[in-house]
Amino acid sequence: MNTFWILLEQIGLFVIYIIIGALLIKTKVFTEITIESISRFVLKLALPVMIFVNIAGGVDRRTLFQSAGILIYTCIFYIFTFLIGKGLSRLFHVKGDQGQVYHALAMFGNVGFMGIPIITSILPQNGMLYISIFTIIDQLVLWTVGVKLTTPSGEGKFDPRKLINPSTVAILLSMVFVIGRIPLPALLDTGLQKIGNTATPLAMIYLGGVFACIDIRRYIRSIEFYGIIFMKMILFPVIFYLLLGFFQTPEEIRLTMSLLGAMPAMSSVVMMAKASGSEGDYAMGGVFVTTLCSIVTIPAVCWILQKLLF
């Protein structure tokens, strides 16, 4: 099965999970409190466990060192997305706290909930390693620039303690296992794999539940969200793919970085905006519209990248 069809299969699964999440809310099996508990479970346990077990159990030390260049590519990646977000907010005249949240939505993609399952399905051997190295810079930018953008009047300050979270701990711990060539006991590996496998379906069920709680029609009419879809989720991944080609970047890394650029807006932006008293509902509207459209745009970007490759 080629890359395009693997990706379509993943997108199909996402749609199923999102629909189930919405139905669970509509039928009152789940409540808003229930889905928030699911979110905490995914972010604090299932996702970090999935990251740890995939790297520690499936990556060798040589591949780890050879992939260090992703750190530089990720820095360039976020310079581009920062400029895209700033340009789009000016183009669509989105100002104030809403403009800052819009900027954050354009900058940060849903790497954890959607990027990881897509990339690891396409690149089962090294995909998780590439994403984990990407996440090192991703988390640094999120808890510095992201905090400032999602705080009212841009007064948010960087708290270095926020960089110590379950996902970054899982990345660092897995690096120790890989570099030290420490094997995971078979029983522990099996148990952690099963926990990690719950991350993606539960994360998408959570998003479906949240989408069922918002006024969908209001945000579908917000034209500025379609600017993010065209500029950041379609045009940027293709341009970045071509740019990396000039640096003789390995094809797997080019594909990973470009597809991560095609991800819809990050749901963590919603949590950060709500926690700081900023435009949380507006952020959720952006996540909804970009996620809905990504069902079409991600396969389209993958198809274009394959045409560029051949």
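The values are calculated or read from the model by the stated rules, or taken from the named source; none is laboratory data. Bear in mind that the values here come from a model prediction, so they are computed numbers and not experimental data. Positions of Cβ are generated from backbone atoms using ideal geometry, with glycine treated the same way; all protein chains shown enter the neighbour counts. For accessibility, only protein heavy atoms count, side chains too; no ligands or nucleic acids. Shrake-Rupley method; radii C 1.70, N 1.55, O 1.52, S 1.80 Å.
In segment 214-232, the qualifying residues are those that are modelled with pLDDT under 90 and open to solvent by 60 Å² or more (accessible area, probe 1.4 Å), and the one that is nearest to Val15 (Cα to Cα) is Ile216. Under the condition of being at pLDDT below 90 and of a type outside the set (A, V, I, L, M, F, W, C), which residue from segment 128-137 is surrounded by the fewest Cβ atoms within 10 Å (Cβ to Cβ)? Among those residues, the one meeting the criterion is Thr135. Screening Leu308 on (1) among the aliphatic types (A, V, I, L, M); (2) at pLDDT below 95; (3) in contact with a Ser or Thr (Cβ under 8 Å, 6 or more places away or on another chain) shows it passes everything except condition (3).
Checking the stated criteria, Ala170 turns out to be in a helix (DSSP H, G or I), in contact with a Pro (Cβ under 8 Å, 6 or more places away or on another chain) and either touching a residue at least 12 places away in the same chain (Cβ under 8 Å) or open to solvent by less than 20 Å² (accessible area, probe 1.4 Å) (or both). Among the residues of segment 35-75 satisfying the criterion of being among the hydrophobic types (A, V, I, L, M, F, W, C) and without any contact (Cβ under 8 Å) to a residue 40 or more places away in the chain, which is least open to solvent (accessible area, probe 1.4 Å)? Filtering segment 35-75 for residues that are among the hydrophobic types (A, V, I, L, M, F, W, C) and without any contact (Cβ under 8 Å) to a residue 40 or more places away in the chain, the one least open to solvent (accessible area, probe 1.4 Å) comes out as Ile72. Among the residues examined, Gly96 qualifies as at positive phi and either in contact (Cβ under 8 Å) with a residue 24 or more places away in the chain or of a type in the set (Gly, Ala, Ser) (or both). Whenever a residue of segment 103-125 is assigned to a helix (DSSP H, G or I), its partners that are open to solvent by 10 Å² or more (accessible area, probe 1.4 Å) and of a type in the set (Gly, Ala, Ser), lying with C-beta atoms within less than 6 angstrom and at least six residues away or across chains, give the pairs His103/Ser89.
Pairing residues of segment 202-221 that are under 26 Å from Val49 (Cα atoms) with residues that are among the small types (Gly, Ala, Ser) and at pLDDT below 90, at Cβ distances under 6 Å and at least 6 apart in sequence or on separate chains, gives Tyr206/Ser39.
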